[in-house]
Amino acid sequence: MHPPPPVKVAETAEPPGLVHLFFSFFWVSLIGFGGVLPWARRMLVEQKRWLTPDQFNEDLALAQFLPGPNILNLTIVVGQRFRGAAGTLAATFGLMTSPVLVALGLAFLYGRYGQLEEVHQVMRGVAAAAAGLILATAAKMAVPIIKADERVQIAFATITFVGVAVLGFSLPAVLFSVAPFSIAVALWRMR
């Protein structure tokens with residue numbers, strides 16, 4: 001087996017500064033309220049080009065494996081990558097500030113108008129849009145794996161999907177079952 005090709009480095013002229021990290025994640029969390037991950041990928045990979053698609057997938061895989069919210073873990077990884085501990089704090093505060101403020105405002109409004117049928121109709125529409133965003137992000141994340149014709153990675157992704165979505169096993173059970181084999185195969189292929 002030949003070692004896999006090196007991961008392409010993102011074409012960033014200079015790492016983002018602390019203020020840039022803060023406001024980038026602040027904006028992502030403000031426009032992506034209720035579904036930040038698709039917007040974070042768009043910002044990190046497509047707009048700012050701070051990460052390549054492969055780097056994003058790898059960082060997200062680590063974030064999903066760690067305990068806690070995936071987007072928060074991803075934010076910590078990205079902040080650390082560019083500016084160390086200070087970058088982690090800047091990105092995390094950026095990510096958390098707008099949702100806290102918006103949630104407080106919405107909680108007030110829902111407490112006042114939540115009993116109206118129109119509010120319930122709006123919530124159903126928002127849920128449908130959020131489901132579409134998740135599907136779109138999953139498709140974009142699959143493209144680098146499919147383009148690289150990595151059949152082993154595709155097989156592990158399929159096993160994980162079937163285990164969780166089709167068979168209804170819990171995500172931690174599937175991850176702790178599949179991840180060791182996936183890691184072992186990746187290490188074996190690198191030899």
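Charge dipole (Cα centre; +1 on Lys/Arg Cβ, -1 on Asp/Glu Cβ; no other charges) of the chain amounts to roughly 200 debye.
Dipole of segment 62-191 computed with +1 at Lys/Arg Cβ and -1 at Asp/Glu Cβ about the Cα centre; of S170, A186, V78, farthest Cα towards the positive end is A186. What separates the Cα centres of segment 117-146 and segment 29-84 is a distance of 17 Å.
What is the calculated FRET efficiency for Q47 to A86, with r their C-beta to C-beta distance and R₀ = 22 Å, to the nearest 0.05? Step by step, r from the Cβ atoms, then E = 0.45. The sum of -39500 (n - 2.57) across all DSSP H runs of n ≥ 4, divided by the residue count of the chain, sets its helix-only mean residue ellipticity at 222 nm to -25000 deg cm²/dmol.
With axes computed from alpha carbons, what is the tilt in degrees of helix 151-161 against the longest principal axis of the chain, rounded to the nearest 10 within 0 to 90? Helix 151-161 sits at roughly 40 degrees to that axis. How tilted is helix 70-113 with respect to the longest principal axis of the chain? Cα atoms for both, answer in degrees (0 to 90, nearest 10). The helix 70-113 is inclined about 30 degrees to the chain.
Angle of helix 18-31 to the longest C-alpha principal axis of the chain, folded into 0 to 90 degrees and rounded to 10: 70°. The heavy atoms of V36 present about 30 square angstrom of accessible area, all protein chains included, probe 1.4 Å.
If you plug the beta carbon distance of E117 and R191 into 1/(1 + (r/R0)^6) with R0 = 45 Å, you get a FRET efficiency near 0.15.
If you roll a 1.4 Å probe over segment 85-191 with all protein chains in place, what percent of the accessible area is carbon or sulfur?
It is 77 percent, rounded to a whole number.
The values are calculated or read from the model by the stated rules, or taken from the named source; none is laboratory data. All of these numbers come straight from a predicted model, not from anything done at the bench. Please note: Cβ atoms are built from the backbone with ideal geometry, for glycine as well, and neighbour counts cover all protein chains shown. For the accessible areas, the whole protein counts, side chains as well, though only heavy atoms, and no ligand, DNA or RNA atoms are used. Shrake-Rupley method; radii C 1.70, N 1.55, O 1.52, S 1.80 Å.
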